[in-house]
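A.B. asks: Below are the structure tokens for one structure; questions will follow.
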Amino acid sequence: MEEKVTTQNNEELEIDLRRIFEIIWNKLWLIVVVGIVGAAAAFAVTHFFITPQYQSAAMFYVNNNSLSVGDASLSISSSDIVASKSLVDTYIVILNTRETLNDVIDYADVDRSYAEVKGMLSAEPVNETEIFQIVVTSPDPVEAENIASAIAYILPKRISSIIEGTSAKIVDTAVVPVSPSSPSYPKNTMLGCMLGVLLTVMAIVLYEVFDVTIRTEDDITKRIKYPVLASVPDMENTSRSGYYKSGYYYYGYGNRKKNQKNKRLQSKEKPALIGGQISFSASEAYKLLRTKLQFSFADEIQTRIIGVSSALAGEGKSLTSANLAYSLSELGKKVLLIDCDMRRPSLDTKLTIQKTPGLSDYLTGQCSVTDVFQPCGLPESENAFSVIAAGRNPPNPIELLSSARMSELLKSFRDTFDYVVLDLPPVMEVSDAMAVAKETDGILLVVRQNHGNNIVLNSVVREFEFVGAKLLGVVFNCTQDSGGSYYSKYYRRYYGRYYKRYYRSYEGRHEKTGKSSSSKTKNDKNDQ
């Protein structure tokens with residue numbers, strides 16, 4: 001269920017009504033809270049800031065043929081009744097004249113001007129009869145009754161003196177009102193609640209319609225033609241994905257007491273972000289990425305050079321590069337990871353490696369290629385893959401990356417390694433990635449949930465396509481439960497429970513057999 005709105009730049013804005021309804025349902029608590037706040041605010045404004053108004057009314061009967069001849073009165077035909085109804089408007093005009101109202105002010109002895117008294121009056125016929133009602137509204141109930149009573153005394157005499165053969169007789173006299181006619185507390189409170197709810201729903205809908213932030217896999221696949229190869233959960237948020245510690249996988253799927261226990265364990269040991277000790281769901285996501293990448297290249301390519309980049313800084317391209325290199329090395333392949341982000345290198349902070357000598361040192365001729373190789377430094381597998389750090393920060397990184405020396409270096413690696421993973425700079429920050437993208441066999445684009453947006457994503461795709469780089473797909477990074485498609489969310493929910501039970505039984509078997517945690521870690525590594 002979708003609607004499309006054409007914007008000024010001829011781009012189509014898709015409105016997913018089902019998603020909007022889902023978001024409104026998820027934000028129902030906010031709508032209720034704002035509605036309650038709106039109702040309370042309306043009640044408070046009504047009580048403290050709106051002056052109560054009181055109304056006093058008098059009713060008159062219009063007779064156009066009440067000619068007195070002594071004690072006799074002459075009346076009445078149907079045409080006389082119709083004429084009496086038409087006289088109501090005339091009487092109201094006479095009531096609102098300055099002379100009539102000045103007489104009313106004098107008789108009622110109120111300190112009001114003609115304009116003020118006129119604004120306090122309203123007159124209208126009662127149900128299209130020859131009876132009309134005059135209502136006086138005032139913040140003082142006694143004043144309202146005085147003015148209404150003065151009108152009841154002055155108006156009939158004033159009408160008789162102007163229009164011969166007619167009269168206005170009092171049907172109902174004015175009384176002092178005992179309760180205010182306005183404001184209405186229930187009405188204003190309900191209006192405040194409805195206004196709060198309406199504005200909140202409108203804000204949610206408008207935000208959803210015009211928000212271009214990437215929140216789900218569908219936000220990516222609807223905008224670009226490239227697939228989402230893997231959705232990697234947020235490894236720092238271990239409340240659901242679990243984490244590995246001392247040979248065990250700890251999960252947050254259990255009851256409240258178990259969740260609290262896991263939080264205490266978390267506070268003692270921070271979960272790993274790279275290597276074999278990352279969360280189970282993240283490890284499976286990188287294995288899925290690895291599998292899909294193996295089908296993304298032609299068979300004749302012996303060595304695959306894979307570039308990993310992102311649109312903006314902070315989307316997790318360096319973590320993705322390191323974990324991809326580790327996952328590929330688990331297949332027994334020779335893997336090299338190169339930090340090509342010379343402006344803001346980060347692999348030396350994530351892996352136990354030295355920043356120098358590195359890529360910039362070799363490209364500027366300050367060292368040989370053999371001097372820049374380092375082991376990855378992961379504790380569980382020192383030689384899982386090799387790393388070349390970024391080196392010293394050069395003043396001209398884009399010239400170094402686009403140089404012939406860089407091209408020759410990558411060609412030489414094709415004879416030595418099975419996979420070369422390049423950690424490239426973010427595209428929208430600097431143009432360095434474009435300089436080396438043409439040397440790769442494929443580019444992985446890392447998109448972090450709730451970080452980038454569709455406009456930036458489209459720009460990045462156009463940049464890579466312009467230089468002729470092959471885009472392999474997208475890695476959707478740091479996802480929460482709502483980050484994937486329906487299938488992926490169902491998969492994580494179902495198989496997360498399944499594997500949780502598996503690791504619980506595994507832990508129980510281990511405790512019975514009395515094996516050490518080190519032997520379990522070794523067995524886990526062999527299973528991988």
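Rule-based calculations on the coordinates, nothing more; no lab input. Source: prediction; values computed, not measured. Virtual Cβ from ideal backbone geometry, glycine too; neighbours counted across all protein chains shown.
A.B. asks: So for the pair residue 364, residue 403, with labels modelled 7 Å out along Cα→Cβ, what separation do we get in nm?
C.D. replies: 0.9
A.B. asks: May I ask for the distance between the Cα centers of region 300-365 and region 108-159, given as a whole number of Å?
C.D. replies: With region 300-365 and region 108-159 each reduced to a Cα centre, they are spaced 88 Å.
A.B. asks: Now a separate question. Points 7 angstrom from Cα along the Cβ direction at residue 462 and residue 17: gap in nanometres?
C.D. replies: 3.2
A.B. asks: Could you grab the Rg to Rh ratio for region 314-453? Cα atoms only, Kirkwood for Rh.
C.D. replies: 0.93
A.B. asks: For residue 202 and residue 93, what does the FRET efficiency come to when R0 = 56 Å and r is the distance between their Cβ atoms, rounded to the nearest 0.05?
C.D. replies: 0.80
A.B. asks: Treating region 131-201 as a set of equal point scatterers at the Cα positions, no solvent, please give the Debye-formula log₁₀ I(q)/I(0) at q = 0.12, 0.19, 0.20 Å⁻¹.
C.D. replies: -0.53, -0.82, -0.87
A.B. asks: Under 26 Å between C-alpha atoms is the cut-off here; go through region 274-430 and count lysine pairs that meet it, provided they're at least eight residues apart or on different chains.
C.D. replies: Value for region 274-430: 21.
A.B. asks: Put a dot 7 Å past each Cα toward the Cβ at residue 212 and residue 236; how far apart are the dots in nm?
C.D. replies: 2.6
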